[in-house]
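See structure below.
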Amino acid sequence: MTENLTALASLIQEYNNEQINADQKIEIKYSEPMSRHTSFRIGGIADLYLIPQSMSSFVDLCGMVKKTGAKYYILGNGSNVLFADEGYAGAVISTANLCRISVDGNRVEAESGALLNLVCKAVRDHSLTGMEFAYGIPGSVGGAVFMNAGAYNKEIACVLKESTYLDMSDFSVHTITNAEHNFGYRESVYRSNNYLILSAVFELELGNKEVISDTMNDYMNRRISKQPLDYPSAGSIFKRYPGRYTSQMIDECGLKGYQIGGAQVSEKHAGFIINRGGATAEDVLALVDHIKKCVYDKFECKIECEVIQVK
(Lines give C-alpha, C1' and ligand atoms only; values in the text may rest on other atoms or scores of the structure.)
Protein backbone atom coordinates (compact mmCIF):
# COMPACT_ATOMS: atom_id res chain seq x y z
CA MET A 1 0.00 0.00 0.00
CA THR A 2 1.03 3.60 -0.47
CA GLU A 3 2.00 5.76 2.50
CA ASN A 4 -1.30 7.63 2.15
CA LEU A 5 -3.31 4.43 2.42
CA THR A 6 -1.27 3.19 5.35
CA ALA A 7 -1.91 6.50 7.11
CA LEU A 8 -5.63 6.23 6.33
CA ALA A 9 -5.83 2.69 7.72
CA SER A 10 -4.09 3.85 10.89
CA LEU A 11 -6.53 6.76 11.34
CA ILE A 12 -9.50 4.42 10.88
CA GLN A 13 -8.18 2.02 13.50
CA GLU A 14 -7.71 4.89 15.95
CA TYR A 15 -11.21 6.18 15.12
CA ASN A 16 -12.77 2.75 15.70
CA ASN A 17 -11.03 2.42 19.05
CA GLU A 18 -12.69 5.65 20.17
CA GLN A 19 -16.22 4.61 19.18
CA ILE A 20 -18.50 3.16 21.85
CA ASN A 21 -21.34 2.20 19.51
CA ALA A 22 -20.75 -0.41 16.80
CA ASP A 23 -22.95 1.52 14.35
CA GLN A 24 -20.45 4.38 14.38
CA LYS A 25 -17.47 2.28 13.38
CA ILE A 26 -15.88 1.73 9.98
CA GLU A 27 -15.27 -1.84 8.86
CA ILE A 28 -11.95 -2.22 7.10
CA LYS A 29 -10.86 -5.01 4.75
CA TYR A 30 -7.45 -5.39 3.16
CA SER A 31 -6.79 -6.75 -0.34
CA GLU A 32 -10.46 -7.18 -1.14
CA PRO A 33 -11.47 -8.64 -4.57
CA MET A 34 -13.82 -6.19 -6.27
CA SER A 35 -15.41 -9.08 -8.16
CA ARG A 36 -17.30 -9.73 -4.90
CA HIS A 37 -18.90 -6.30 -4.96
CA THR A 38 -19.98 -5.67 -8.54
CA SER A 39 -22.88 -7.10 -10.53
CA PHE A 40 -20.42 -8.01 -13.33
CA ARG A 41 -18.50 -10.22 -10.85
CA ILE A 42 -15.33 -8.81 -12.39
CA GLY A 43 -12.47 -6.83 -10.87
CA GLY A 44 -9.09 -7.16 -9.22
CA ILE A 45 -7.94 -6.46 -5.67
CA ALA A 46 -8.60 -3.14 -3.91
CA ASP A 47 -5.94 -2.25 -1.34
CA LEU A 48 -8.61 -1.14 1.13
CA TYR A 49 -12.34 -1.80 1.20
CA LEU A 50 -14.10 0.39 3.75
CA ILE A 51 -17.66 0.09 5.05
CA PRO A 52 -18.87 2.97 7.26
CA GLN A 53 -21.79 1.86 9.40
CA SER A 54 -23.62 5.21 9.42
CA MET A 55 -23.80 8.53 7.62
CA SER A 56 -21.83 10.26 10.37
CA SER A 57 -19.03 7.69 10.17
CA PHE A 58 -19.07 8.07 6.37
CA VAL A 59 -18.54 11.82 6.69
CA ASP A 60 -15.84 11.24 9.29
CA LEU A 61 -14.16 8.76 6.94
CA CYS A 62 -14.24 11.29 4.11
CA GLY A 63 -12.46 13.71 6.44
CA MET A 64 -9.73 11.13 7.02
CA VAL A 65 -9.45 10.55 3.28
CA LYS A 66 -9.05 14.26 2.70
CA LYS A 67 -6.50 14.58 5.49
CA THR A 68 -4.30 11.75 4.17
CA GLY A 69 -4.77 12.50 0.49
CA ALA A 70 -5.53 8.81 -0.15
CA LYS A 71 -6.93 7.76 -3.50
CA TYR A 72 -10.55 6.66 -3.14
CA TYR A 73 -13.66 5.54 -5.00
CA ILE A 74 -17.24 5.62 -3.69
CA LEU A 75 -19.12 2.41 -4.52
CA GLY A 76 -22.89 2.02 -4.35
CA ASN A 77 -24.47 -1.26 -5.41
CA GLY A 78 -21.75 -1.88 -8.02
CA SER A 79 -24.30 -2.42 -10.79
CA ASN A 80 -22.86 -0.07 -13.43
CA VAL A 81 -19.16 -0.42 -12.67
CA LEU A 82 -16.23 -2.29 -14.22
CA PHE A 83 -13.11 -2.54 -12.06
CA ALA A 84 -9.79 -3.18 -13.81
CA ASP A 85 -8.24 -6.65 -13.64
CA GLU A 86 -5.14 -5.21 -12.00
CA GLY A 87 -7.30 -3.92 -9.17
CA TYR A 88 -7.56 -0.55 -7.46
CA ALA A 89 -4.56 0.97 -5.71
CA GLY A 90 -6.68 2.96 -3.30
CA ALA A 91 -9.59 2.82 -0.89
CA VAL A 92 -13.00 1.71 -2.12
CA ILE A 93 -15.69 3.12 0.17
CA SER A 94 -18.99 1.24 0.25
CA THR A 95 -22.27 3.05 0.91
CA ALA A 96 -24.10 -0.24 1.57
CA ASN A 97 -25.02 0.68 5.15
CA LEU A 98 -26.13 4.23 4.31
CA CYS A 99 -29.62 3.01 3.59
CA ARG A 100 -32.12 4.96 5.69
CA ILE A 101 -35.44 5.71 3.97
CA SER A 102 -38.16 7.95 5.39
CA VAL A 103 -41.56 8.94 4.03
CA ASP A 104 -43.38 12.08 5.11
CA GLY A 105 -46.53 12.82 3.14
CA ASN A 106 -45.50 12.87 -0.52
CA ARG A 107 -41.86 13.55 0.36
CA VAL A 108 -39.42 10.63 0.40
CA GLU A 109 -35.88 11.01 1.68
CA ALA A 110 -33.27 8.32 1.18
CA GLU A 111 -29.60 8.05 1.99
CA SER A 112 -27.21 7.51 -0.90
CA GLY A 113 -26.71 3.79 -0.29
CA ALA A 114 -30.41 2.90 -0.19
CA LEU A 115 -31.35 0.49 -2.98
CA LEU A 116 -33.78 1.87 -5.55
CA ASN A 117 -35.91 -1.26 -5.27
CA LEU A 118 -36.39 -0.69 -1.54
CA VAL A 119 -37.27 2.97 -2.12
CA CYS A 120 -39.84 1.88 -4.71
CA LYS A 121 -41.37 -0.60 -2.27
CA ALA A 122 -41.47 2.02 0.49
CA VAL A 123 -43.31 4.56 -1.66
CA ARG A 124 -45.69 1.87 -2.92
CA ASP A 125 -46.54 0.97 0.68
CA HIS A 126 -47.43 4.63 1.22
CA SER A 127 -49.55 4.71 -1.97
CA LEU A 128 -47.19 7.14 -3.69
CA THR A 129 -46.83 7.06 -7.46
CA GLY A 130 -44.07 8.30 -9.76
CA MET A 131 -41.21 5.92 -9.13
CA GLU A 132 -42.64 2.76 -10.65
CA PHE A 133 -40.21 3.05 -13.58
CA ALA A 134 -37.24 2.61 -11.22
CA TYR A 135 -38.41 -0.73 -9.86
CA GLY A 136 -35.93 -3.32 -11.06
CA ILE A 137 -33.07 -0.90 -11.70
CA PRO A 138 -30.31 -2.63 -9.68
CA GLY A 139 -28.69 0.48 -8.27
CA SER A 140 -28.46 2.69 -5.23
CA VAL A 141 -29.98 6.14 -4.81
CA GLY A 142 -26.57 7.78 -5.05
CA GLY A 143 -25.72 6.00 -8.27
CA ALA A 144 -29.14 6.72 -9.74
CA VAL A 145 -28.88 10.45 -9.05
CA PHE A 146 -25.25 10.52 -10.19
CA MET A 147 -26.10 9.18 -13.64
CA ASN A 148 -29.78 10.20 -13.86
CA ALA A 149 -30.85 6.59 -14.17
CA GLY A 150 -34.00 5.86 -16.08
CA ALA A 151 -36.24 3.36 -17.82
CA TYR A 152 -39.53 3.27 -19.71
CA ASN A 153 -39.16 6.89 -20.90
CA LYS A 154 -38.75 8.26 -17.38
CA GLU A 155 -35.69 9.14 -15.32
CA ILE A 156 -34.67 10.27 -11.84
CA ALA A 157 -34.88 13.90 -12.96
CA CYS A 158 -38.67 13.45 -13.22
CA VAL A 159 -39.11 12.80 -9.49
CA LEU A 160 -36.10 14.29 -7.69
CA LYS A 161 -36.77 17.40 -5.61
CA GLU A 162 -33.29 17.94 -4.15
CA SER A 163 -30.11 16.22 -3.07
CA THR A 164 -27.47 16.89 -0.45
CA TYR A 165 -23.77 16.43 -1.04
CA LEU A 166 -20.37 16.78 0.59
CA ASP A 167 -17.94 18.96 -1.37
CA MET A 168 -14.56 17.28 -0.95
CA SER A 169 -12.69 20.39 -2.09
CA ASP A 170 -13.56 22.37 1.04
CA PHE A 171 -15.49 19.75 3.08
CA SER A 172 -18.72 21.77 3.05
CA VAL A 173 -22.25 20.33 2.80
CA HIS A 174 -24.80 21.70 0.33
CA THR A 175 -28.35 20.97 -0.78
CA ILE A 176 -29.30 21.67 -4.40
CA THR A 177 -32.63 21.80 -6.20
CA ASN A 178 -33.61 19.68 -9.19
CA ALA A 179 -32.71 22.44 -11.65
CA GLU A 180 -29.21 22.76 -10.17
CA HIS A 181 -28.43 19.15 -11.06
CA ASN A 182 -28.04 20.03 -14.76
CA PHE A 183 -29.65 16.72 -15.62
CA GLY A 184 -29.21 15.23 -19.08
CA TYR A 185 -29.26 11.74 -20.55
CA ARG A 186 -27.18 9.74 -18.04
CA GLU A 187 -25.69 13.02 -16.87
CA SER A 188 -25.79 15.24 -13.79
CA VAL A 189 -23.69 17.88 -12.07
CA TYR A 190 -22.14 15.08 -10.01
CA ARG A 191 -20.31 13.57 -12.97
CA SER A 192 -17.99 16.55 -13.34
CA ASN A 193 -17.43 17.70 -9.75
CA ASN A 194 -15.80 16.35 -6.61
CA TYR A 195 -19.15 16.10 -4.81
CA LEU A 196 -20.17 13.05 -2.76
CA ILE A 197 -23.92 12.46 -2.65
CA LEU A 198 -25.22 12.01 0.90
CA SER A 199 -28.97 11.81 0.36
CA ALA A 200 -31.82 12.62 -2.00
CA VAL A 201 -35.40 13.78 -1.64
CA PHE A 202 -38.10 12.66 -4.07
CA GLU A 203 -41.45 14.39 -4.45
CA LEU A 204 -44.26 12.09 -5.55
CA GLU A 205 -48.04 12.05 -5.87
CA LEU A 206 -50.71 10.13 -4.02
CA GLY A 207 -52.00 7.20 -6.03
CA ASN A 208 -53.77 3.87 -5.83
CA LYS A 209 -51.60 1.28 -4.09
CA GLU A 210 -52.98 -1.63 -6.11
CA VAL A 211 -52.40 0.16 -9.43
CA ILE A 212 -48.89 1.16 -8.36
CA SER A 213 -48.11 -2.43 -7.37
CA ASP A 214 -49.47 -3.79 -10.65
CA THR A 215 -47.37 -1.33 -12.65
CA MET A 216 -44.22 -2.23 -10.71
CA ASN A 217 -44.84 -5.93 -11.22
CA ASP A 218 -45.44 -5.36 -14.94
CA TYR A 219 -42.13 -3.53 -15.31
CA MET A 220 -40.31 -6.24 -13.38
CA ASN A 221 -41.85 -8.99 -15.49
CA ARG A 222 -40.79 -7.17 -18.65
CA ARG A 223 -37.22 -7.04 -17.36
CA ILE A 224 -37.24 -10.73 -16.50
CA SER A 225 -38.60 -11.69 -19.92
CA LYS A 226 -36.28 -9.47 -21.98
CA GLN A 227 -33.04 -9.17 -20.01
CA PRO A 228 -30.39 -11.85 -19.26
CA LEU A 229 -30.79 -11.60 -15.50
CA ASP A 230 -29.49 -15.14 -14.97
CA TYR A 231 -25.93 -14.03 -15.81
CA PRO A 232 -23.69 -11.39 -14.20
CA SER A 233 -23.71 -8.12 -16.15
CA ALA A 234 -23.59 -4.38 -15.67
CA GLY A 235 -27.00 -3.85 -17.23
CA SER A 236 -27.31 -2.12 -20.56
CA ILE A 237 -23.73 -1.63 -21.71
CA PHE A 238 -24.24 1.26 -24.16
CA LYS A 239 -26.04 4.57 -24.05
CA ARG A 240 -29.09 5.10 -26.23
CA TYR A 241 -28.19 6.42 -29.69
CA PRO A 242 -30.35 9.39 -30.79
CA GLY A 243 -33.16 8.18 -33.01
CA ARG A 244 -32.00 4.55 -32.97
CA TYR A 245 -32.19 1.52 -30.70
CA THR A 246 -28.58 0.67 -29.93
CA SER A 247 -29.39 -2.95 -29.10
CA GLN A 248 -31.18 -3.35 -32.44
CA MET A 249 -28.13 -2.08 -34.33
CA ILE A 250 -25.93 -4.53 -32.44
CA ASP A 251 -28.38 -7.33 -33.24
CA GLU A 252 -28.42 -6.37 -36.94
CA CYS A 253 -24.64 -6.63 -36.94
CA GLY A 254 -25.12 -10.30 -36.09
CA LEU A 255 -23.34 -9.96 -32.78
CA LYS A 256 -25.73 -11.81 -30.47
CA GLY A 257 -23.71 -14.59 -28.90
CA TYR A 258 -20.38 -13.14 -30.02
CA GLN A 259 -17.81 -13.86 -27.33
CA ILE A 260 -14.32 -12.76 -26.32
CA GLY A 261 -12.91 -14.77 -23.44
CA GLY A 262 -15.65 -15.08 -20.84
CA ALA A 263 -17.53 -11.96 -22.04
CA GLN A 264 -20.43 -12.45 -24.44
CA VAL A 265 -23.05 -10.34 -26.19
CA SER A 266 -26.23 -11.73 -24.68
CA GLU A 267 -28.27 -13.95 -26.97
CA LYS A 268 -31.37 -12.72 -25.15
CA HIS A 269 -30.72 -8.96 -25.38
CA ALA A 270 -27.99 -7.53 -27.62
CA GLY A 271 -27.64 -4.45 -25.41
CA PHE A 272 -26.12 -6.56 -22.61
CA ILE A 273 -22.64 -7.99 -22.25
CA ILE A 274 -22.73 -10.90 -19.84
CA ASN A 275 -20.09 -12.74 -17.86
CA ARG A 276 -20.41 -16.32 -19.04
CA GLY A 277 -17.83 -17.38 -16.47
CA GLY A 278 -14.32 -16.17 -15.77
CA ALA A 279 -14.68 -12.99 -17.82
CA THR A 280 -12.06 -10.32 -17.24
CA ALA A 281 -12.32 -6.55 -17.59
CA GLU A 282 -9.97 -6.90 -20.56
CA ASP A 283 -12.44 -9.32 -22.20
CA VAL A 284 -15.31 -6.89 -21.69
CA LEU A 285 -13.41 -3.88 -23.03
CA ALA A 286 -12.20 -5.80 -26.06
CA LEU A 287 -15.78 -6.86 -26.77
CA VAL A 288 -17.00 -3.25 -26.32
CA ASP A 289 -14.44 -2.06 -28.86
CA HIS A 290 -15.43 -4.79 -31.31
CA ILE A 291 -19.12 -3.90 -31.01
CA LYS A 292 -18.39 -0.20 -31.52
CA LYS A 293 -16.39 -0.95 -34.67
CA CYS A 294 -19.06 -3.24 -36.12
CA VAL A 295 -21.85 -0.74 -35.48
CA TYR A 296 -19.85 2.12 -36.97
CA ASP A 297 -18.87 0.08 -40.04
CA LYS A 298 -22.49 -0.88 -40.72
CA PHE A 299 -24.43 2.23 -39.62
CA GLU A 300 -21.77 4.98 -39.28
CA CYS A 301 -23.01 5.52 -35.72
CA LYS A 302 -20.58 6.04 -32.85
CA ILE A 303 -22.14 4.38 -29.82
CA GLU A 304 -20.91 5.16 -26.32
CA CYS A 305 -20.36 2.79 -23.40
CA GLU A 306 -22.25 3.89 -20.26
CA VAL A 307 -20.57 1.57 -17.75
CA ILE A 308 -18.10 3.37 -15.47
CA GLN A 309 -14.55 2.02 -15.66
CA VAL A 310 -12.50 2.16 -12.45
CA LYS A 311 -8.76 1.60 -12.30
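The values are calculated or read from the model by the stated rules, or taken from the named source; none is laboratory data. Quantities reported herein were computed from a predicted structural model and do not represent experimental measurements. All Cβ positions, even for glycine, are placed from backbone atoms using ideal geometry, and neighbour counts span all protein chains on display. Just so you know, the surface numbers come from the protein's heavy atoms only, side chains and all, with ligands and any DNA or RNA stripped out. Shrake-Rupley method; radii C 1.70, N 1.55, O 1.52, S 1.80 Å.
How much length is gained if the chain between Cys158 and Ile308 is pulled fully straight, taking 0.36 nm per residue apart and subtracting their Cα-Cα distance, in nm to one decimal?
51.7 nm
Could you list, in their original order, any pairs among Lys67/Lys161; Lys29/Lys121; Lys71/Lys292; Lys161/Lys311; Lys29/Lys311; Lys154/Lys298 whose Cα atoms are separated by more than 21 Å?
Listed pairs above 21 Å: Lys67/Lys161; Lys29/Lys121; Lys71/Lys292; Lys161/Lys311; Lys154/Lys298.
Taking only the alpha carbons of the range 221-310, what extent do you get along each of the three principal axes, in Å, biggest first?
The principal-axis extents, from largest down, are 32, 32, 25 Å.
Treat each spin label as a single point 7 Å out from the Cα along the C-beta direction, and report the Thr177 to Glu203 distance in nm.
Here the modelled spin labels are 0.9 nm apart.
With θ set to phi - 60°, apply the Karplus curve 6.51 cos²θ - 1.76 cosθ + 1.60 along the range 28-42 and write out the HN-Hα couplings as whole Hz, x wherever there is a Gly or Pro.
With the stated coefficients, the range 28-42 comes to 10, 10, 9, 6, 9, x, 6, 4, 7, 10, 10, 5, 6, 6, 10 Hz.
Please give the length that would be gained between Arg276 and Met1 if that part of the chain were fully extended, namely 0.36 nm times their separation in residues minus their C-alpha to C-alpha distance (nm, one decimal).
Value of the extension gain: 95.8 nm.
Residues in the range 33-57, backbone N under 20 Å from the label point at Arg223 (7 Å along the Cα-to-beta-carbon vector): list them, ranges by number please.
It comes to 37-42, nothing else.
Provide the per residue accessible area, probe 1.4 Å, for the chain, rounded to a whole number of square angstrom.
Working: 14370 Å² over 311 residues.
With the other protein chains kept in place, the chain gives 46 Å² per residue.
List the residues whose amide H sits under 5 Å from the amide H of Gly139, counting only those 5 or more places along or on another chain, with H placed 1.01 Å from N in the peptide plane.
Leu116, Asn117
Restricting the calculation to Cα positions, tell me the Rg (one decimal) and the Dmax (whole number) of the range 33-105 in Å.
Expressed in Å, the Cα Rg and Dmax of the range 33-105 come to 13.5, 48.
Counting only protein heavy atoms and a 1.4 Å probe, tell me what percentage of the range 127-188's accessible area is made up of carbon and sulfur.
50 percent
To two decimal places, what compactness ratio does the chain give when its Cα radius of gyration is scaled by 2.2 N^0.38 Å?
On the way: Rg = 20.0 Å, N = 311, 2.2 N^0.38 = 19.5 Å.
That works out to 1.03 for the chain.
Tell me the trypsin sites (Lys or Arg not before Pro) within the range 2-45 that lie in a loop according to DSSP and have at most 14 other beta-carbon atoms within 10 Å.
Passing sites in the range 2-45 do not exist.
In whole percent, and with a 1.4 Å probe on the protein chains, what portion of the accessible area of the range 1-50 is carbon and sulfur? Provide the component values of the computation, followed by the final result.
Details: 1180 of 2680 Å².
Using a 1.4 Å probe with all protein chains present, the range 1-50 comes out at 44 percent carbon and sulfur.
Show me, for the range 178-190, the HN-Hα J-couplings you get by feeding each phi into the Karplus relation (A = 6.51, B = -1.76, C = 1.60, θ = phi - 60°), rounded to Hz, glycine and proline as x.
For the range 178-190, the Karplus-derived couplings read 3, 4, 6, 7, 6, 5, x, 5, 6, 9, 7, 4, 6 Hz, x marking Gly and Pro.
When only alpha-carbon atoms count, how far does the range 173-262 stretch along each of its three principal axes, as whole angstroms with the largest first?
Over the range 173-262, Cα extents along the principal axes are 47, 40, 29 Å.
Any idea of Ser79's accessible area? Nearest 10 Å², probe 1.4 Å.
Accessible area, nearest 10 Å²: 20 Å².
Net charge within 13 Å of Phe83 by Cβ-Cβ distance, Lys/Arg positive one each and Asp/Glu negative one each, not counting Phe83 itself? Please report the intermediate quantities before stating the final value.
Details: positive: Arg36, Arg41, Lys311; negative: Glu32, Asp47, Asp85, Glu86, Glu282.
With Lys, Arg at +1 and Asp, Glu at -1, the net is -2.
Share of Cα-Cα pairs in the range 38-169 beyond 17 Å, in percent?
When every Cα pair of the range 38-169 is considered, 61 percent fall beyond 17 Å.
Counting only protein heavy atoms and using a 1.4 Å probe, what share of the accessible area of the range 266-311 belongs to carbon plus sulfur, as a whole percent?
Numbers: 1040 of 2410 Å².
Answer for the range 266-311: carbon and sulfur cover 43 percent of the accessible area.
What is the ratio of the Cα radius of gyration of the range 102-183 to 2.2 N^0.38 Å, where N is its residue count, to two decimals?
Taking the Cα Rg and dividing by 2.2 N^0.38 Å, one obtains 1.09.
Using 0.36 nm per residue of separation minus the Cα-Cα distance, give me the extension gain between Phe299 and Ser10 in nm, one decimal.
Gain in length upon complete extension: 98.6 nm.
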